[in-house]
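Chemist: I'd like to ask you about the structure that follows.
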There are 2 protein chains.
Amino acid sequence: MRVGFVGLGVMGAPMATHLLRAGYQVHVYNRTPHKAQPLLDQGAHQAQDLQSLAAHCDRIFLCVRGSDDVTDLLRKLTTTAKPGTLFIDHSTISPPVAEALHHSLTEQGFRFLDAPITGGSMGAQSGTLTIFCGGKREVFEEAEVAMHAYGKRVELVGGPGAGQRMKMANQIAVAGALLGLCESLSFAQKAGLDLTQTREMLAGGAAGSWAFDHYGPKILNQDWRPGFSIANQVKDLHYCEEAAKAIDATIPMTLLARELLQSMIDQGRGEETTAALFEELLRRSG
Amino acid sequence: MRVGFVGLGVMGAPMATHLLRAGYQVHVYNRTPHKAQPLLDQGAHQAQDLQSLAAHCDRIFLCVRGSDDVTDLLRKLTTTAKPGTLFIDHSTISPPVAEALHHSLTEQGFRFLDAPITGGSMGAQSGTLTIFCGGKREVFEEAEVAMHAYGKRVELVGGPGAGQRMKMANQIAVAGALLGLCESLSFAQKAGLDLTQTREMLAGGAAGSWAFDHYGPKILNQDWRPGFSIANQVKDLHYCEEAAKAIDATIPMTLLARELLQSMIDQGRGEETTAALFEELLRRSG
């Protein structure tokens with residue numbers, strides 16, 4: 001089967017590689033052409049443009065940055081895509097936008113699955129991503145096998161947009177654990193406690209979290225390289241707000257996390273890891 | 001060695017039992033006398049009042065509710081305590097109050113260790129508590145062996161009040177993980193997602209935490225029995241605020257958590273488990 005893959009970034013490139021290894025004939029397109037080269041070396045086909053990629057593939061995977069990119073790509077791809085083409089969007093986008101895309105693509109005779117991922121670049125490389133899928137069951141079942149090339153836990157979580165809503169629930173919990181970690185360790189620093197001892201004593205108990213285990217060491221080492229960048233987190237938390245408004249949900253902690261992280265973008269720190277929020281809390285402590 | 005134990009609640013009773021088993025001659029006193037009976041059955045000595053307990057013991061452990069209780073107990077105990085008596089306070093109290101107690105007890109010729117605990121009633125029963133100790137190193141070293149009767153991780157984390165400050169750092173991180181869990185699952189419920197699937201898919205990834213593992217099931221079962229009650233959490237978060245003010249630290253998420261939980265106390269839900277915050281967020285969603 002000929003599949004297309006658009007968006008060969010830190011997540012998309014290893015995912016497309018897994019599809020190649022699973023025996024799929026993969027056509028790739030990336031806005032930055034040289035990013036496609038490692039895939040081409042492993043047997044992928046280079047599409048000249050989005051229109052020719054769409055004309056040649058039965059299924060097209062997207063893994064790009066946000067709502068606007070996905071909307072724009074789909075507008076271009078659908079000008080030449082065959083009737084019934086199945087689009088699988090692994091990007092994290094706004095849930096109401098995902099719902100709208102489901103409706104417009106279905107009206108045009110295409111099929112769509114919102115399928116945001118979690119597990120990070122390590123998960124993409126090792127093929128152990130978690131994939132939250134929203135859409136029709138028969139569409140999910142058709143796409144499921146291919147997604148298992150890079151996904152360990154691949155589940156249908158509801159109808160159109162439900163995958164993105166589940167991703168937002170994930171990002172909300174991530175924001176809480178991040179705030180807990182950064183506020184705890186910045187308080188500890190101000191209190192004159194040893195940060196290494198603090199992290200070790202707290203991580204194993206009721207305060208423990210993935211954030212404590214994975215971001216705690218970054219804070220101790222003052223290593224602010226992403227990882228997951230502040231800019232990406234703020235984008236996702238903006239989508240959380242859009243989704244919460246659409247369903248009348250109250251998310252005060254998430255809005256607080258967004259405000260704190262946004263102020264770091266305003267200070268030119270958007271490309272640092274989210275764990276750098278530790279420094280923003282210290283800065284505000286004066 | 002004769003030791004005293006004051007406060008035979010859900011934490012203190014099993015801790016005192018571990019001291020008995022470790023061979024200490026334990027004198028007990030509890031405001032509610034019948035709570036002492038199981039200890040007496042195992043060989044503890046009943047003190048008639050605080051003054052006689054203090055007169056007979058070289059070390060006195062406290063495990064009561066908060067700053068006011070500890071201050072009041074110490075005022076009474078010190079009227080008859082022998083010079084050099086070592087007081088070990090396992091209660092969670094306000095860090096600035098703990099510092100003041102260190103100073104006044106030292107001036108009176110006594111010794112003091114602030115030693116708040118974490119690990120819950122299960123940890124107290126199994127003798128696997130984590131104990132954050134603040135005070136002089138020689139005082140810590142004298143008390144350390146006895147605390148290992150019920151503590152797995154027993155560490156000196158700094159000078160006077162440092163144990164309480166570390167406990168506050170712990171409670172701050174706990175509040176973040178709790179908010180992350182409750183805001184995530186209340187959003188998921190409003191979004192029409194299956195809560196069991198949501199918890200399972202999120203708990204194993206970057207959103208994961210002790211709270212997800214231990215409070216998530218309570219939310220799924222709508223089981224609001226404590227555990228750690230909202231009233232106790234609010235008390236601790238109030239101490240976090242006092243401590244943060246004293247050291248000029250910024251803790252906006254912690255203050256948000258306190259406001260949300262305080263409003264549940266105002267609704268008469270103070271004795272429920274903190275995981276019931278899930279319902280408060282749903283209520284505010286309308």
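The values are calculated or read from the model by the stated rules, or taken from the named source; none is laboratory data. Small disclaimer: the values here were computed from a predicted structure and weren't measured. No Cβ is skipped: glycine too gets one built from the backbone with ideal geometry, and neighbour counts run over all protein chains shown. The area values use the complete protein model at the heavy-atom level, side chains included, leaving out ligands, DNA and RNA. Shrake-Rupley method; radii C 1.70, N 1.55, O 1.52, S 1.80 Å.
Chemist: Select from region A:160-188 the residues that are more than 7 Å from every other protein chain (Cβ to nearest Cβ) and either closer than 24 Å to residue B:152 by Cα or surrounded by fewer than 21 Cβ atoms within 10 Å (Cβ to Cβ) (or both) and list them in ascending order.
Modeler: A:185
Chemist: Can you tell me which residue is nearest to the other protein chains (Cβ to nearest Cβ) among those in region B:114-126 that are open to solvent by 10 Å² or more (accessible area, probe 1.4 Å) and touching a Pro at 6+ places or on another chain (Cβ under 8 Å)?
Modeler: If we take residues in region B:114-126 being open to solvent by 10 Å² or more (accessible area, probe 1.4 Å) and touching a Pro at 6+ places or on another chain (Cβ under 8 Å), then B:121 is nearest to the other protein chains (Cβ to nearest Cβ).
Chemist: Identify the single condition in (1) closer than 25 Å to residue B:283 by Cβ; (2) surrounded by fewer than 24 Cβ atoms within 10 Å (Cβ to Cβ) that residue B:141 does not satisfy, given that it satisfies every other one.
Modeler: So the condition that residue B:141 fails would be (1).
Chemist: Evaluate the following for residue A:235: is it farther than 30 Å from residue B:151 by Cβ and open to solvent by 10 Å² or more (accessible area, probe 1.4 Å)?
Modeler: yes
Chemist: Right, here's the next one. Would you be able to say whether some residue in region B:128-138 is more than 7 Å from chain A (Cβ to nearest Cβ) and of a type in the set (Asp, Glu)?
Modeler: yes
Chemist: While we're looking at this one, here's another question. Within region B:139-159, take every residue that is of a type in the set (Gly, Ala, Ser) and within 13 Å of another protein chain (Cβ to nearest Cβ) and give me the one that is farthest from residue A:191 (Cα to Cα).
Modeler: Residues of region B:139-159 of a type in the set (Gly, Ala, Ser): B:143, B:146, B:149, B:151, B:158-159.
Restricting the remaining residues to those that are within 13 Å of another protein chain (Cβ to nearest Cβ) gives B:151, B:158-159.
On the way: B:151: 24, B:158: 10, B:159: 11 Å.
Among those that are of a type in the set (Gly, Ala, Ser) and within 13 Å of another protein chain (Cβ to nearest Cβ), it is B:151.
Chemist: From (1) closer than 21 Å to residue B:64 by Cα; (2) open to solvent by 30 Å² or more (accessible area, probe 1.4 Å), pick out the condition that doesn't hold for residue B:136.
Modeler: (1)
Chemist: Tally time: how many residues in region B:198-217 are open to solvent by 40 Å² or more (accessible area, probe 1.4 Å) and either away from every other protein chain (no Cβ under 13 Å) or touching a residue at least 40 places away in the same chain (Cβ under 8 Å) (or both)?
Modeler: 1
Chemist: Sticking with this structure for a sec: Any chance region B:99-113 includes a residue that's crowded, with 24+ Cβ neighbours inside 10 Å and either within 14 Å of another protein chain (Cβ to nearest Cβ) or among the small types (Gly, Ala, Ser) (or both)?
Modeler: No: region B:99-113 contains no residue that is crowded, with 24+ Cβ neighbours inside 10 Å and either within 14 Å of another protein chain (Cβ to nearest Cβ) or among the small types (Gly, Ala, Ser) (or both).
Chemist: Got at least one residue in region A:84-98 being more than 14 Å from chain B (Cβ to nearest Cβ), open to solvent by 10 Å² or more (accessible area, probe 1.4 Å), part of a loop (DSSP other than H, G, I, E, B) and hydrophobic (A, V, I, L, M, F, W, C)?
Modeler: From region A:84-98, those more than 14 Å from chain B (Cβ to nearest Cβ) are A:84-91, A:93, A:97; that's our starting set.
Among the residues that remain, those that are also open to solvent by 10 Å² or more (accessible area, probe 1.4 Å) are: A:84, A:97.
Those left that are additionally part of a loop (DSSP other than H, G, I, E, B): A:84.
Filter once more, so that each one left must be hydrophobic (A, V, I, L, M, F, W, C): none.
Scanning region A:84-98, I find no residue that is more than 14 Å from chain B (Cβ to nearest Cβ), open to solvent by 10 Å² or more (accessible area, probe 1.4 Å), part of a loop (DSSP other than H, G, I, E, B) and hydrophobic (A, V, I, L, M, F, W, C), so the answer is no.
Chemist: Any residue in region B:51-79 that's polar (S, T, N, Q): show its pairings with residues that are not in a helix (DSSP H, G or I) at Cβ separation under 7 Å, as long as the two are six or more apart or on different chains.
Modeler: B:51/B:79; B:51/B:80; B:67/B:93; B:67/B:94; B:78/B:108; B:78/B:110
Chemist: Out of everything in region A:163-197 that is among the polar types (S, T, N, Q) and in contact (Cβ under 8 Å) with a residue 12 or more places away in the chain, what residue ends up being farthest from residue B:135 (Cα to Cα)?
Modeler: Taking the candidates together, the pick is A:164.
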